[in-house]
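The values are calculated or read from the model by the stated rules, or taken from the named source; none is laboratory data. Computed from a predicted model, the values in this text were never measured in an experiment. Neighbour counts are summed over all protein chains in view; Cβ atoms, including those assigned to glycine, are modelled from backbone coordinates with ideal geometry. Only protein heavy atoms, including side chains, enter the accessible area calculation; ligands, DNA and RNA are left aside. Shrake-Rupley method; radii C 1.70, N 1.55, O 1.52, S 1.80 Å.
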Amino acid sequence: MTCMNSTPSRFRLSAISLDPPLGGRTDAAQDHEQAVAIFDLLDNNRFTPVEHGGGPYRLHLELVDRRLVLTATTETGAPVLCHHLSLTAFRRLLKDYRLVCESFANGTARLPPDRLEAIDMGRRAIHNEASALLIDRLKSKVEIDQDTARRLFTLIHLLVSQTLPAGVD
């Protein structure tokens, strides 16, 4: 799936694509979560590749051999960066995030609002920890802000949950 933002800027993402595109093994809630994350990401992001003069940029996310491959190009297709990011440091966070999201989804019809709020607070805490880790792991290649990192983590989570069989983290 590719989405575009028509607002030009030197250090921002103007398009995001995932490989494989979500939708094959996802449910409607995951499709919605992906669409919201991409919309929000393209609406407001900061993406500054180290030692590059400016974009805007197109970002492609792909899982290859259990590594996240981030490929950025300019809007004209000129290569900017290709970075293979090990997901080992994210394993626990991805697993915990998946579990808390499942707990929230399963509890919406039967849990009281205060319990759902507690679960959502836990989800946000994991999301914040993962975004801080993502910022740190990418800092030698690209600078991103926390909101950009949070939305990218959402997409990584969805990509991992679609690509890897259940129970394999």
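For the set 12, 123, the ranking by accessible area, highest first and with no ligand, DNA or RNA atoms included, is 123, 12 under a 1.4 Å probe. Applying both filters, DSSP loop and at most 16 other Cβ atoms within 10 Å, to the GluC sites (Glu not before Pro) of segment 62-123 gives 75. For segment 68-162, with all protein chains present and a 1.4 Å probe, just round the carbon and sulfur fraction of the accessible area to a whole percent. Answer for segment 68-162 is 52 percent, counting heavy atoms of protein chains only. Measuring r between the beta carbons of residue 147 and residue 111 and using R0 = 22 Å, the FRET efficiency lands at 0.20. In a simple Cβ point-charge model (Lys, Arg +1; Asp, Glu -1; nothing else charged), the chain has a dipole of about 300 debye relative to its Cα centre. Across segment 40-128, Cα pairs under 8 Å and at least six residues apart give a relative contact order of 17 percent. Projecting the Cα atoms of 60, 86, 116 onto the charge dipole of the chain (Cβ charges, centred on the Cα centre) puts 86 farthest toward the positive pole.
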